[in-house]
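Q: For reference, the structure I am asking about is given below.
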Amino acid sequence: RKEVEQDPGPFNVPEGATVAFNCTYSNSASQSFFWYRQDCRKEPKLLMSVYSSGNEDGRFTAQLNRASQYISLLIRDSKLSDSATYLCAVNWNSGNTPLVFGKGTRLSVIA
Amino acid sequence: GAVVSQHPSRVICKSGTSVKIECRSLDFQATTMFWYRQFPKKSLMLMATSNEGSKATYEQGVEKDKFLINHASLTLSTLTVTSAHPEDSSFYICSALDGRSGNTIYFGEGSWLTVV
C-alpha cells in the first residue's frame with residue numbers, strides 16, 4: 001500500500017519560532033512532491049512544490065531527500081497567521097494521477 | 001481567483017435522499033478530475049478519479065453505486081451521493097488537473113455535506 005506519513009502534531013510554537021515538518025513516502029518512484037496548507041473547514045491550498053535542489057519562498061523552505069524518501073518544510077519567524085494544518089502530498093507518477101496526501105500536521109502559533 | 005469552482009459549498013439533506021455536487025474548471029479544460037472526502041481532523045482520502053467521457057475509477061472501498069460520478073464535459077464533473085446516510089456527512093473536495101501547466105492540480109472550495 002502506498003503511504004505518505006506525517007507527524008500529526010499539534011505543534012504549538014511562539015511567534016518568531018522556527019518550526020520544521022517532515023513527511024515520508026513509501027513509493028521510491030514518486031515523481032512530484034508538494035506542501036499544502038489547509039485552514040479549518042477550507043480546501044487545501046498549494047504552499048510550495050518541492051524539488052530535489054530545495055526551494056525557498058520567503059520564510060518557507062522545502063527540501064526533498066530522495067535517498068531517504070522524505071520531504072521537509074521549514075517555517076522561519078512564525079506568524080500567528082501561519083496557524084493551519086500542513087499537508088504533504090506526493091504524486092506517484094507524472095501524468096493524470098491524483099495526489100496522495102499525508103494526514104497533516106497541525107500548527108498553532110501563539111502570541 | 002478560483003480556477004476550480006465547487007457547488008454547493010454547504011448542503012443539508014435528509015437520510016435517504018440524494019445530493020449532487022458540481023465541480024467546474026473555470027478557465028481550462030480538465031480531462032481528469034479527482035474527488036476526495038475528508039472527515040473531521042482526518043486526511044483527504046481519494047474516492048475516485050473522474051475521466052471525461054469514460055467511467056470513473058473508484059478507490060478500494062468506495063461504492064460506485066452510492067457515489068455516482070459523471071464527467072460529461074471537459075469543464076464539469078459531478079458527484080452524486082445517493083441514498084445518503086448520516087455517516088456520509090463529510091467534506092467533499094474536488095480537484096482538477098490542468099495539463100497546460102505541468103499537470104498542476106487545483107482544488108475546488110469543497111462541499112460540506114450534513115445528512116440528518
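Q: Convert each backbone phi in the range B:69-76 into a coupling constant with the Karplus relation 6.51 cos²θ - 1.76 cosθ + 1.60 (shift: θ = phi - 60°), then list the ³J(HN,Hα) values in order as whole Hz, x for Gly and Pro.
A: For the range B:69-76, the Karplus-derived couplings read 10, 10, 10, 7, 9, 6, 10, 9 Hz, x marking Gly and Pro.
Q: Mind running the shape call on chain A? Use the C-alpha gyration tensor, a ≥ b ≥ c as the square roots of the eigenvalues: rounded below 1.5 for a/c, prolate if a/b tops b/c, oblate otherwise. List each step's numbers first, then the result.
A: Values: a/c = 1.96, a/b = 1.63, b/c = 1.20.
Verdict is prolate for chain A.
Q: Relative contact order for the range B:7-99: what percent, with Cα pairs under 8 Å and sequence separation of 6 or more? Write out the running numbers ahead of the final one.
A: Working: 181 pairs, mean separation 35.8, N = 93.
That works out to 39 percent.
Q: A follow-up question, please. Can you give the net charge of the other residues whose Cβ lies under 11 Å from the Cβ of B:Ser18, counting K and R as +1 and D and E as -1? The partial results should precede the final answer.
A: Numbers: positive: B:Lys14, B:Lys20, B:Lys66; negative: B:Asp88.
The answer is +2.
Q: For the range B:49-75, list residues with backbone N below 12 Å from a point placed 7 Å from the Cα of B:Cys13 toward its Cβ?
A: B:66-69
Q: OK, next. In nm, to one decimal, how far is the B:Glu63 label point from the A:Leu80 one, both placed 7 Å along Cα→Cβ?
A: 4.6
Q: Give the accessible area for B:Thr57 in Å² (nearest 10); use a 1.4 Å probe, count only protein heavy atoms, and leave out ligands, DNA and RNA.
A: 70
Q: Nearest 20 debye, what's the magnitude of the dipole of chain B about its Cα centre given +1 on Lys and Arg Cβ and -1 on Asp and Glu Cβ? All intermediate terms of the calculation are to be shown ahead of the outcome.
A: Values: 11 positive and 10 negative charges, 39 e Å.
Dipole magnitude for chain B comes out near 180 debye.
Q: Count the lysine pairs in chain A whose Cα atoms sit under 20 Å apart, keeping only pairs 8 or more residues apart in sequence or on different chains. Don't jump to the answer; show the numbers that get you there.
A: Numbers: A:Lys2/A:Lys103; A:Lys42/A:Lys79; A:Lys42/A:Lys103; A:Lys45/A:Lys79; A:Lys45/A:Lys103.
Pairs that pass both the separation and distance tests number 5.
Q: Quote the charge dipole size of the range A:23-111 about the Cα centre in Debye, to the nearest 20; the model charges only the Cβ of Lys and Arg (+1) and of Asp and Glu (-1).
A: On the way: 10 positive and 6 negative charges, 41 e Å.
The dipole magnitude comes to about 200 debye.
Q: Given 0.36 nm per residue, what is the gain on full extension from A:Phe60 to A:Asn27 after removing their alpha carbon distance, in nm?
A: Values: separation 33, 0.36 × 33 = 11.88 nm, distance 2.52 nm.
Once the chain is fully extended between A:Phe60 and A:Asn27, it gains 9.4 nm.
Q: Rule-of-thumb check for the range A:1-42: C-alpha Rg over 2.2 N^0.38 Å?
A: Working: Rg = 13.4 Å, N = 42, 2.2 N^0.38 = 9.1 Å.
Normalised Cα radius of gyration, the range A:1-42: 1.47.
Q: In percent, how large is the relative contact order of chain A, given Cα pairs closer than 8 Å and 6 or more residues apart? List each step's numbers first, then the result.
A: Values: 282 pairs, mean separation 41.7, N = 111.
In percent, rounded to a whole number, it is 38.
Q: Cα-Cα pairs above 26 Å in the protein assembly as shown: how many percent? Present the calculation step by step, with values, prior to reporting the outcome.
A: Working: 9690 of 25651 pairs.
Counting every Cα pair in the protein assembly as shown, those more than 26 Å apart make up 38 percent.
Q: Taking the Cα centre as origin and putting +1 on Lys and Arg beta-carbons and -1 on Asp and Glu beta-carbons, what dipole magnitude results for the protein assembly as shown, to the nearest 20 debye?
A: Details: 23 positive and 20 negative charges, 55 e Å.
About 260 debye.
Q: Going by amide H atoms built from the backbone, whose H comes under 5 Å of the H on A:Asn27, apart from near neighbours?
A: So A:Asn27 has HN proximity to A:Glu3.
Q: Enter the accessible area of A:Leu99 (Å², nearest 10), with the probe set to 1.4 Å and all protein chains included.
A: Answer for A:Leu99: close to 0 Å² accessible.
Q: Give me the percent relative contact order of the range A:65-111, please, defined on Cα pairs under 8 angstrom at least 6 residues apart. Walk me through the numbers before you get to the answer.
A: Values: 48 pairs, mean separation 18.3, N = 47.
It comes to 39 percent, rounded to a whole number.
Q: Find which of B:Ser43, B:Cys23, B:Ser77 sits farthest along the positive direction of the dipole of the range B:15-81, computed with +1 on the beta-carbon of Lys and Arg, -1 on that of Asp and Glu, about the Cα centre.
A: B:Ser43
Q: Using Cα positions and a limit of under 16 Å, work out the aspartates and glutamates in reach of B:Lys42, with same-chain residues fewer than 8 apart set aside.
A: By straight Cα distance, B:Lys42 reaches A:Glu3, A:Glu5, A:Asp7, A:Asp39, A:Glu43, B:Glu87, B:Asp88.
The values are calculated or read from the model by the stated rules, or taken from the named source; none is laboratory data. Since the model is a prediction, treat every value here as computed from it, not as a measurement. Every residue, glycine among them, receives a Cβ derived from its backbone with ideal geometry; neighbour counts consider all protein chains shown. Please note that ligands, DNA and RNA were not included when accessible areas were found on the heavy atoms of the full protein model with its side chains. Shrake-Rupley method; radii C 1.70, N 1.55, O 1.52, S 1.80 Å.
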